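Please read the structure below before turning to the comments.
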Amino acid sequence: MTLPQVRRAIAAKQASGQLYVSELVEYHRKFAIPFACIVFGLVATPLGALPVRAARARGFAVSLVMIFVYYILLSAGQALAEQELVPAVVGLWLPNLLFALLGLYLFTQVAGERTVLKLERLQSAVDMVRSRLRLRTEASS
């Protein structure tokens, strides 16, 4: 449905006293999903400013995890809103709010030149596991 069609459907159901939850969910979904681009940019900017080794592989993994978490939150929020357990506004905009807060946190960490989420320790641990696996495979050959 287009945005005017959704608005007309909501108005028609309101006037007749019918439930219009699914239309309201669709209305908020039409705005919440495009707004996610801004929120992902807010999160990605400070992560991209970090000087870390092997940034491509880690960046790809982090982006996949973030997209997966956002999708799960959005799907759960939409399902809760359609079942009228939470308002449609809350169900569909909460993932954007959470990711915006994460982005603001990351901005404050990068602005203060503090390490973000101890990614350097994680990279060191991954490097250590890789070197041990490499030694094991070389010893067994």
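None of Ala32, Ala44, Ala12 is surrounded by 13 or more Cβ atoms within 10 Å (Cβ to Cβ), closer than 23 Å to Leu92 by Cα and modelled with pLDDT of 90 or more except Ala32.
Taking every residue in the range 124-141 that is assigned to a helix (DSSP H, G or I) and pairing it with any residue that is of a type in the set (A, V, I, L, M, F, W, C), at least 6 positions away or on another chain, the pairs with Cβ-Cβ distances below 9 Å are Val126/Ala54; Asp127/Ala54. Note on the range 1-90: enclosed helices (runs of 4 or more DSSP H) holding 3 or more residues that are in contact with an Asp or Glu (Cβ under 8 Å, 6 or more places away or on another chain) are 3-16, 21-48. Among residues of the range 7-18 that are on the phi < 0 side of the Ramachandran plot and hydrophobic (A, V, I, L, M, F, W, C), those with a Cβ under 7 angstrom from a residue that is assigned to a helix (DSSP H, G or I) and surrounded by 12 or more Cβ atoms within 10 Å (Cβ to Cβ), sequence gap 6+ or separate chain, pair up as Ala9/Glu23; Ile10/Glu23; Ile10/Leu24; Ile10/Tyr27. Filtering the range 112-128 to residues that are at pLDDT 75 or above and either of a type in the set (Asp, Glu) or loosely packed, with under 10 Cβ neighbours inside 10 Å (or both) leaves Gly112, Asp127. Candidates Leu3, Leu102, Leu74: the one that is modelled with pLDDT under 90 and aliphatic (A, V, I, L, M) is Leu3.
The values are calculated or read from the model by the stated rules, or taken from the named source; none is laboratory data. Values in this document were obtained by computation on a predicted structure and should not be read as measured data. All Cβ positions, even for glycine, are placed from backbone atoms using ideal geometry, and neighbour counts span all protein chains on display.
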